[in-house]
Amino acid sequence: MVLCRTSMLILTLFLPIFSSPQDAFMVQYFERRMTHLEERLNQCEQSAATMTQRFYDLASEFRGLLSSLNAVRSEVRTQMESMSSRVDRVEGELEYLENKIPAPQNIEIEAALLEQQVMDAELEQLKTKAKLQLLNDCSTALSAVKSLKIVKKVGDTHGSWFKDPTPGSSKMYFLSGLRNDTLLEYTSVKSFTEGSGIHGPKVVKLPSYWQGTGHVVYKGFLYYHKADTPNQIVKVRLPNGTQADTMLLPGAGRLPAYSLNPNTYLDLAVDELGLWIIHADPDYAGNLVITKLDPATLALEHTWDTLCRSRGAEGAFMICGTLYVVYNTRYGGRSSIQCLYDIHDTIHSEESPVLFFPKRYTSHTSLYYHPQDKQLYAWDDGYQTIYKVETQRKDQVSFGTE
C-alpha cells in the first residue's frame, strides 16, 4: 500500500512532463491500476487480520479443551486408583474372613472363650456398680476442726508431710520445698517426731523433680506434679523410686490452684473414695475443678466444676467426695473453710456456716486429710501440724464454728 501510494505520487509529480494525449491516457490507466491494486492490498490486509484473530480464538479454544482433557484424565486416574484401592481392600477383607472362619474343631473352643468374655464383662459391670454404690453410700461430712498439735518444725518454709491413707499403713512421708527430687520415708509419725532433724529416714530418689506442694502417697505409690510441665502427673513406686505411670490432666496447669499458694498448680488429695486432683480453671472464672482419678491406670473417671473460687484460697482437701476450701489473708491470719462442694449434692456451701481453724494466725502451704485417723496433716508456716477433725453423717451434721 505504501508502495502504491508512492508510485501514484511520483506519477502525479511527473504528469506535467507528458504532453501528448496518449501519454495522459497511459498515466490515467496506471492510476486506475494502482487504485485497484491498493484496494486488493487493503482486502488482503483485512483478510490477514481476520485469519489472525481466528487463529487466536482457535488457540484459546484448544487450550480450554486441553485443560478440560487434563482434568478428565486426572479424574479418571483418581477413580482408577480408588477402584484399585477398593479392590485391594475387598481382597484383604475376603482373606481376613477366610482366616477368621473357624475350623469345625475350633468352634467349641471359641464358644467357651466367648462365654468367658461374657462372664468377665458381667464381673466388670458388677465392680462398676459396686464403685458407684460406694460413691453414693459415702455420707461423711466435716462438722468441726478441733484440736491443734504442732509436731515439729523442720525443713523449708513450704512443703508437705502426710501418711499413706491405705488401711494398715503407718508410714509417714516428708517432702520439703517447692522443687526437689528427694522423698523421706519414716516408719511412723512417732519416728519422725523422735528423730534428730530430718536424718534417719529412708531416702527415696525420685525419677524427676516435683513442683509445688500438692503430692500424695496412696497404696504404696507417690503421685506428684512433675516440675517444668503444666499438667503432668507422675506415679512412682516407692520401694525403688521408679516411675510406674504418667498422665496429662486436660485444661489444667494454666492457673495456680490457690492464689495464696501460687507455686501449686495441681493439688492431689485422697479421701474415702480414692484419688483426686484439685486445680483452678481460668475458663470457669478461675474457680476450682475436682477430677476423680483411677489410681491404678490414672484414667479420668469424672470431673466436677465447682463454685469455689481460687482467689484468697490457701489450700483444700477432700472428705467423702466433698471439697473443702480453706481461705486466709495474704499476710497470714486465721484460716477458715468458707466454701465446699459435694459431688452428691447433699450439702451446699450457701447453707453451711464458716468453719474456723483453731486460733493460730499463720498460713498453710499444704493440707491432707487422713480418712482413718480423722486428722489433717498440715504444713503451717514451716511447722508440721496435725488438726483433729470431727465428722458426722451429712444428714445429721451440725457445724461447729470455733
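The values are calculated or read from the model by the stated rules, or taken from the named source; none is laboratory data. What you see is a predicted model, and the numbers here were worked out from it, not measured in a lab. Counting neighbours? That spans all protein chains shown, and the Cβs are built from the backbone with ideal geometry, glycine included.
Quick notes on this one:
- Those residues of region 145-185 which are part of a loop (DSSP other than H, G, I, E, B), free of Cβ contacts under 8 Å to residues at least 60 places away in the same chain and either among the β-branched types (Val, Ile, Thr) or in contact with a Cys (Cβ under 9 Å, 6 or more places away or on another chain) (or both), in sequence order: 166
- Members of region 303-345 found to be of a type in the set (Ser, Thr, Tyr) and within 27 Å of the chain's Cα centre (by Cα), listed by number: 303, 306, 310, 322, 324, 341
- Condition check for residue 391: closer than 24 Å to residue 151 by Cα, part of a strand (DSSP E or B) and not aliphatic (A, V, I, L, M): yes
- Yes/no for residue 310 being among the small types (Gly, Ala, Ser) and either over 19 Å from residue 262 (Cβ atoms) or modelled with pLDDT under 95 (or both): no
- When the residues of region 274-311 are filtered to those that are among the acidic types (Asp, Glu) and not in a strand (DSSP E or B), the one that is surrounded by the most Cβ atoms within 10 Å (Cβ to Cβ) is 294.
Here is a yes/no grid of residues against (1) among the aliphatic types (A, V, I, L, M); (2) modelled with pLDDT of 80 or more; (3) in a helix (DSSP H, G or I); (4) in contact with a Gly (Cβ under 7 Å, 6 or more places away or on another chain):
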{"residue": "34", "(1), (2), (3), (4)": "yes, yes, yes, no"}
{"residue": "40", "(1), (2), (3), (4)": "no, yes, yes, no"}
{"residue": "53", "(1), (2), (3), (4)": "no, yes, yes, no"}
{"residue": "68", "(1), (2), (3), (4)": "no, yes, yes, no"}
{"residue": "79", "(1), (2), (3), (4)": "no, yes, yes, no"}
{"residue": "110", "(1), (2), (3), (4)": "no, no, yes, no"}
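- Note on region 346-377: residues that are under 31 Å from the mean Cα position of the chain (by Cα) and assigned to a strand (DSSP E or B) total 7.
- Condition check for residue 376: of a type in the set (A, V, I, L, M), at positive phi and in the same structural domain as residue 170 (by TED's automatic domain parsing): no
- Among residues of region 353-389 being crowded, with 16+ Cβ neighbours inside 10 Å and acidic (Asp, Glu), the one that is modelled with the lowest pLDDT is 381.
- Complete set of residues in region 354-373 that are of a type outside the set (S, T, N, Q) and over 23 Å from residue 259 (Cβ atoms): 358, 359, 370, 371, 373
- Qualifying residue in region 308-319 (condition: basic (Lys, Arg) and free of Cβ contacts under 8 Å to residues at least 60 places away in the same chain): yes
- Of all residues in region 193-228, those being more than 25 Å from the chain's Cα centre (by Cα) and of a type in the set (Gly, Ala, Ser) number 5.
- Residue list for region 317-331, filter: surrounded by fewer than 16 Cβ atoms within 10 Å (Cβ to Cβ) and not charged (D, E, K, R): 329, 331
- Options 314, 350; residue that is surrounded by 20 or more Cβ atoms within 10 Å (Cβ to Cβ), of a type outside the set (S, T, N, Q) and closer than 27 Å to residue 281 by Cα: 314
- Residue that is surrounded by fewer than 16 Cβ atoms within 10 Å (Cβ to Cβ) and not charged (D, E, K, R), where the choices are 187, 213: 187
- Just one of the numbered conditions (1) part of a strand (DSSP E or B); (2) out of contact with any Lys or Arg (no Cβ under 7 Å at 6 or more places or on another chain); (3) in contact (Cβ under 8 Å) with a residue 24 or more places away in the chain is not true of residue 223: (2).
- Filter result (more than 16 Å from residue 262 (Cα to Cα) and either touching a Pro at 6+ places or on another chain (Cβ under 9 Å) or hydroxyl-bearing (Ser, Thr, Tyr) (or both)) within region 213-223: 216, 217, 218, 219, 220, 221, 223
- Scanning region 229-267 for residues that are in a strand (DSSP E or B), more than 17 Å from the chain's Cα centre (by Cα) and without any contact (Cβ under 8 Å) to a residue 24 or more places away in the chain gives 237, 244.
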